[in-house]
Amino acid sequence: MTISESKFLWGAASASHQVEGGWDADGKGLSKWDVYTHRYRVTKAVVGKDQTADVAINQYSRAQYLKDIAFMREVGLNAYRFSLSWPRILPDGTGAVNDKGLDYYSRLVDDLIAAGVKPVVTLYHWDYPWTLSEKGGWHNRDSIAWFREYAGVVFGALGDRVELFVTMNEPFIDLFLMDVVAENVRDRRPDPWLATSVQYARQAPALHHLFLAHARTVADYRTSSGKGMIGMAVPLMPTIPIDPAKPEDVAAARLADGVINRWPLEALFQGSYPDDVVEALRTYNPDFLVTPADLDVLADNPPDFLGVNFYAPVYVDHAADRALGFRWFGTNPDRVRAFNGPVRPEAFYDLLMHIRANYGDPPIFITENGTGYGDFDEVMEDGIVKDPLRTDYIRRHIDAMLRARRAGADVRGYMLWSLFDNFEWIQGFERRFGLVHVDFSTQKRTPKQSFYAYRDIIAKNR
């Protein structure tokens, strides 16, 4: 099957908290990230600046997002992946529906379809309702029912027009990185990025509940006559031992692969968890138990597709002071370093072929792929922003993806992160990933060199 013979999706991705703004508009409830950036001041502690996503890039304004849809059409997108703010729809996480919030997303879906852009909807991209966070969040097994209730509201309102749903985005990063950093900042620990084995083990039941909520929601979608496809977007990072001659580094890389990659892949497609991961976590949390009945729920409800978020592989070494004894970020041997790790498009190809060979050849959508390098790669010149390094990254990774597709990987779409610069979580506004530069003080948009390169790639391959 060639690209031209299929309905391949060329898109871009975003997340509600990173782009919408309107953090307290029209009855929206608080998310945990509203609290992190106000009460906890995560961005001030980690970035050193007092930044929030209260305005972000102002896409809660229909006038603004209609202009942004015009950029989508100009670059040639036929798909746009965006997430819904759970507390914008259910301010308390459960119970009363905020009609204004739901209407906003319904109108956005209609406007995208009218522009010839397929909406790809992510139900949960980290903006967990704060009311439910205070009840334990994903640590509370009731979170499975909470999420199913929320998803049911969305399916009822948007399911007639949306054909692709993503249940959750990057559960590992959400729970094992972002929430741990926020906890460490709140508790004023010297190094917020330094997670402990106890913290990882404490997060394990929460991740288990999240996987169960996903599986139950997949079943609900199918019984509610959902006519489209539903899956999960997971961060996949091939792990490379820093010193392949050191058995301890090899073992550390293997365990890191289990926690980051094999855990979600086996949960989604094999209805199981890796034994080495469970054993390592139970060393620090003996109460972490997974029942055969829970695994049956996972096995009985595999996703329709896998969303692959790939940015870079990670170099791993043994480190006794790191969670579970492995250090999985911070090492980048590249002379010019991207924000998100070593640039290895060949690892992208290998990953896609690995999934094909070992996990049943599932349909795949690349739900995130992109990069940023900093101001030295973004220079305003002749009315556009020159970003040759990002442009090169995008071209090489798309080439790797297309090569995997020609080799048999069932890749059905590519959604670049991201179309616009936005609020990058604990990095605030300091890291830009967009094809379109955003002046956060004026909201002025300026296309970058990579914008035109992506437009040419889409035109060539459509």
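The values are calculated or read from the model by the stated rules, or taken from the named source; none is laboratory data. All values reported here derive from a predicted model rather than from experimental measurement. Cβ coordinates were reconstructed from backbone atoms using ideal geometry, including for glycine residues, and neighbour counts include every protein chain displayed. With ligands, DNA and RNA removed, areas are computed over all heavy atoms of the protein, side chains included. Shrake-Rupley method; radii C 1.70, N 1.55, O 1.52, S 1.80 Å.
Mind jotting down the distance between the C-alpha centroids of the range 386-462 and the range 75-110, whole Å? Result: 24 Å between the Cα centres. Across the chain, Cα pairs under 8 Å and at least six residues apart give a relative contact order of 17 percent. Across the protein chains, with a 1.4 Å probe defining accessible surface, the residues S106, S418 rank S106, S418 from largest area downward.
Heavy-atom accessible surface of K444, to the nearest 10 Å², is about 130 Å², with a 1.4 Å probe and all protein chains retained. Sorting R262, R161, R107 on solvent-accessible area from highest to lowest, probe radius 1.4 Å, gives R107, R161, R262. The calculated FRET efficiency for the pair R282 and E381, based on their C-beta separation and a Förster distance of 45 Å, comes to about 0.20. In this structure, the amide hydrogen of V411, modeled 1.01 Å from its nitrogen in the peptide plane, lies closer than 5 angstrom to those of I364, counting only residues at least 5 positions away or on a different chain.
Take every Cα pair under 8 Å whose residues are at least 6 apart in sequence, average their separation, divide by the length of the range 303-380, and the relative contact order is 42 percent. Once all protein chains are placed together, E163 keeps about 100 Å² accessible to a 1.4 angstrom probe. Ranked from largest to smallest solvent-accessible area, with a 1.4 Å probe on the protein heavy atoms, H139, H397 come out as H139, H397.
In what sequence, highest mean first, do 82-91, 246-255, 117-126, 449-458 appear when ranked by Cβ atoms within 10 angstrom? Can you show the working numbers first?
Values: 82-91: 25.4, 246-255: 17.8, 117-126: 23.7, 449-458: 19.9.
Order by mean packing, descending: 82-91, 117-126, 449-458, 246-255.
Placing pseudo-labels 7 Å out from each Cα toward the beta carbon at I113 and A320 gives an inter-label distance of 6.1 nm. At R0 = 35 Å, how high is the FRET efficiency between K246 and A459 if r is their beta carbon distance? Nearest 0.05 is fine. It comes out at approximately 0.15. Keeping the other protein chains in place, figure out the carbon and sulfur percent of the accessible area of the chain, with a 1.4 Å probe. Exposed carbon and sulfur together represent 49 percent of the surface. The magnitude of the dipole of the range 78-221, with charges of +1 and -1 set on the Cβ of Lys/Arg and Asp/Glu and taken from the Cα centre, is near 180 debye. Taking the DSSP bridge list for the chain and keeping only pairs wholly inside it, about 20 percent are antiparallel.
Stretched out straight at 0.36 nm per residue, the stretch from S224 to D275 would grow longer than its current Cα-Cα span by 14.9 nm.
Taking K and R as +1 and D and E as -1, what net charge do the other residues with C-beta under 14 Å from the C-beta of T367 add up to? With Lys, Arg at +1 and Asp, Glu at -1, the neighbours total 0. Between R403 and Q443, full extension at 0.36 nm per residue minus the direct alpha carbon distance yields a gain of 10.6 nm.
Computed from label points 7 Å out along Cα-Cβ, the spacing between D296 and K44 is 5.2 nm. Stretched out straight at 0.36 nm per residue, the stretch from E163 to R189 would grow longer than its current Cα-Cα span by 4.9 nm.
Residues with beta-carbon under 13 Å from that of L30, excluding L30: net charge, scoring Lys, Arg +1 and Asp, Glu -1? Working shown, then result.
Working: positive: K28, K32, R39, R88; negative: D24, D34, D54, D92, D127, E134.
Here the charged neighbours net out to -2.
Once you order the gyration tensor axes a ≥ b ≥ c over the Cα atoms, which shape class does the range 243-338 get: rounded for a/c under 1.5, otherwise prolate or oblate by comparing a/b with b/c? Could the numbers behind the result be given before it?
On the way: a/c = 2.87, a/b = 1.45, b/c = 1.97.
Here the range 243-338 falls in the oblate category.
Net charge in the neighbourhood of A12 (other residues with Cβ under 11 Å of its Cβ; Lys, Arg +1, Asp, Glu -1) is -1.
Compactness ratio of the range 1-107: Cα Rg over 2.2 N^0.38 Å, N = residue count?
On the way: Rg = 16.6 Å, N = 107, 2.2 N^0.38 = 13.0 Å.
It is 1.28.
Based on protein heavy atoms only, the chain ends up with 38 Å² per residue of surface accessible to a 1.4 Å probe. Comparing Cα centroids, the range 173-192 and the range 202-273 end up 21 angstrom apart.
Modelled spin labels at R141 and R254, positioned 7 Å past Cα toward Cβ, are 3.3 nm from each other. The string of couplings for the range 390-397 from the Karplus curve (6.51, -1.76, 1.60, θ = phi - 60°) is 4, 4, 5, 4, 4, 4, 5, 6 Hz, one whole number per residue in order, with x for Gly and Pro. Computed over the chain, the Cα gyration tensor eigenvalues convert (square root of 5λ each) into semi-axes of 29, 27, 24 Å, ordered from largest to smallest.
Here the contact order of the range 144-236, divided by its residue count and restricted to Cα pairs under 8 Å and six or more residues apart, works out to 52 percent.
Taking θ as phi - 60° and the Karplus parameters 6.51, -1.76 and 1.60, the scalar couplings of the range 323-331 work out to 4, 6, x, 10, 9, 10, 8, x, 9 Hz in sequence order, x denoting glycine and proline. Residues whose amide H lies under 5 Å from that of E368, counting only those 5 or more places away or on a different chain, are V308, N309, F310, M415; hydrogens are built 1.01 Å from N in the peptide plane.
Any idea what diffusion coefficient the range 116-240 gets from Stokes-Einstein, in µm²/s, Kirkwood Rh on alpha carbon pairs, 4 °C, 1.567 mPa s?
Details: Rh = 15.8 Å.
Rounded, D is 82 µm²/s.
Taking all protein chains as they are arranged and a probe of 1.4 Å, the heavy atoms of W193 leave approximately 80 Å² accessible to solvent.
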